[in-house]
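Structure record follows, encoded as structure tokens.
The values are calculated or read from the model by the stated rules, or taken from the named source; none is laboratory data. These numbers come from a predicted model, not from an experiment. Backbone-built Cβ (ideal geometry, glycine too); neighbour counts: all protein chains shown. All accessible areas refer to the heavy atoms of the entire protein, side chains included, with ligands and DNA or RNA removed. Shrake-Rupley method; radii C 1.70, N 1.55, O 1.52, S 1.80 Å.
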Amino acid sequence: MAKVIASSLRKGNVVDLDGKLYVVLTAQNIHPGKGTPVTQLDLRRISDGVKISERYRTTEQVERAFVESAEHSFLYEDSTGFHFMNPQSYDQVIVTKDVIGDQSVYLQEGMACMLSLHDGVPIAIELPQRVTLEITDTEPVTKGQTASSSYKPAMLSNGVRTMVPPHVTAGTRVVIMTEDNSYVERAKD
């Protein structure tokens, strides 16, 4: 354990509050025009999944728990959870649905993810920033709609809706940001 200033905390960090471990879901530094800057943290208690919000002055000290982070490959999902394997040691780990949350739609077989473990228990996961998916359904191009800022809705092969430029059609492979489901570019493969 080590003390760090609140403003240095990021998503996925683990903190110790009153002897209980919490994973940071969101961290936002707020600098009001008047008054003291604060850091707003949304946290999830690792032991039972309870979510809380905390607000600290940006210079306040917080106990940060150190966790082991290692790259793991996604294998498959079943009723017990999501199965991952460490490619160096071949150890398999089961990650529960509440740890992965709504990011589970982006998991693909063999995908390399950063898994954070505390005492051998998975507490947080970091997916790759970008994934390549196929467009399964989108609206046809409207003639004369050439403005570069106009986007149209599209359905991805994993069931997620996103907005794509008018020239993208069904069957096109595109690169998507996993953080906010946004279109980046056409896949180069």
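Send over the semi-axes of the chain's equivalent ellipsoid, whole angstrom and largest first, taken as the square roots of 5 times the C-alpha gyration tensor eigenvalues.
Taking √(5λ) for each eigenvalue gives 35, 25, 12 Å, largest first.
Can you check what the Kirkwood hydrodynamic radius comes to for region 106-189, Cα pairs only, in Å to one decimal?
14.3
Just round it to a whole percent: the fraction of Cα-Cα distances in region 75-125 exceeding 18 Å.
Tail of P(r) above 18 Å: 21 percent of Cα pairs.
Karplus couplings for region 14-27 from phi (6.51 cos²θ - 1.76 cosθ + 1.60, θ = phi - 60°), rounded to Hz, Gly and Pro as x?
10, 10, 10, 10, 6, x, 10, 8, 10, 9, 7, 8, 9, 10
Mind listing the phi-derived Karplus ³J(HN,Hα) values for region 45-55, rounded to whole Hz, using 6.51, -1.76 and 1.60 with θ = phi - 60°, and x for any glycine or proline?
5, 5, 5, 9, x, 5, 9, 9, 10, 10, 10
As a test of the formula, what do you get for the chain when each DSSP H run with n ≥ 4 contributes -39,500 (n - 2.57) and the sum is divided by the residue count, at 222 nm and rounded to the nearest 500 deg cm²/dmol?
Values: 1 runs with 4 residues, N = 189.
Helices in the chain give a 222 nm mean residue ellipticity of -500 deg cm²/dmol.
Most fluctuating residue of LEU17, LEU25, LEU117 in a GNM of the chain with Cα springs under 10 Å: which is it?
LEU17
Pick out which of THR96, THR58, THR80 has the largest mean-square fluctuation in a Gaussian network model of the chain, springs linking Cα atoms closer than 10 Å.
Result for the chain, Cα springs under 10 Å: THR80 fluctuates most.
Considering only protein heavy atoms and a probe of 1.4 Å, how much of the accessible area of the chain is carbon and sulfur, as a whole percent?
49
Averaged per residue, what accessible surface does region 1-135 expose to a 1.4 Å probe, in Å²?
57
Pull up all non-local amide H partners of LYS11: gap of 5 or more, or a different chain, and H-to-H distance under 5 Å with H placed in the peptide plane.
ALA27
Can you pull out the chymotrypsin sites (Phe, Trp or Tyr not before Pro) in region 87-175 that DSSP calls coil and that have at most 12 other Cβ atoms within 10 Å?
Listed in order of number, the matching sites are TYR90.
Please give, to one decimal in nm, the separation of the simple spin-label points placed at THR172 and THR59, each 7 Å out from Cα toward the Cβ.
5.2
Using a Cα distance threshold of under 24 Å, what count of lysine pairs results for the chain when pairs must be 8 or more residues apart or interchain?
Step by step, the pairs that qualify in the chain add up to 11.
Do any trypsin sites (Lys or Arg not before Pro) in region 93-189 lie in a loop, going by DSSP, with at most 10 other beta-carbon atoms within 10 Å of their beta carbon, and if so which?
Within region 93-189, the qualifying trypsin sites (Lys or Arg not before Pro) (loop, at most 10 other Cβ atoms within 10 Å) are LYS143, LYS188.
Along region 61-73, what does the Karplus equation 6.51 cos²θ - 1.76 cosθ + 1.60 (θ = phi - 60°) give for ³J(HN,Hα), rounded to whole Hz, x for Gly and Pro?
Each residue of region 61-73 in turn: 8, 10, 6, 9, 8, 8, 10, 8, 10, 9, 6, 10, 9 Hz.
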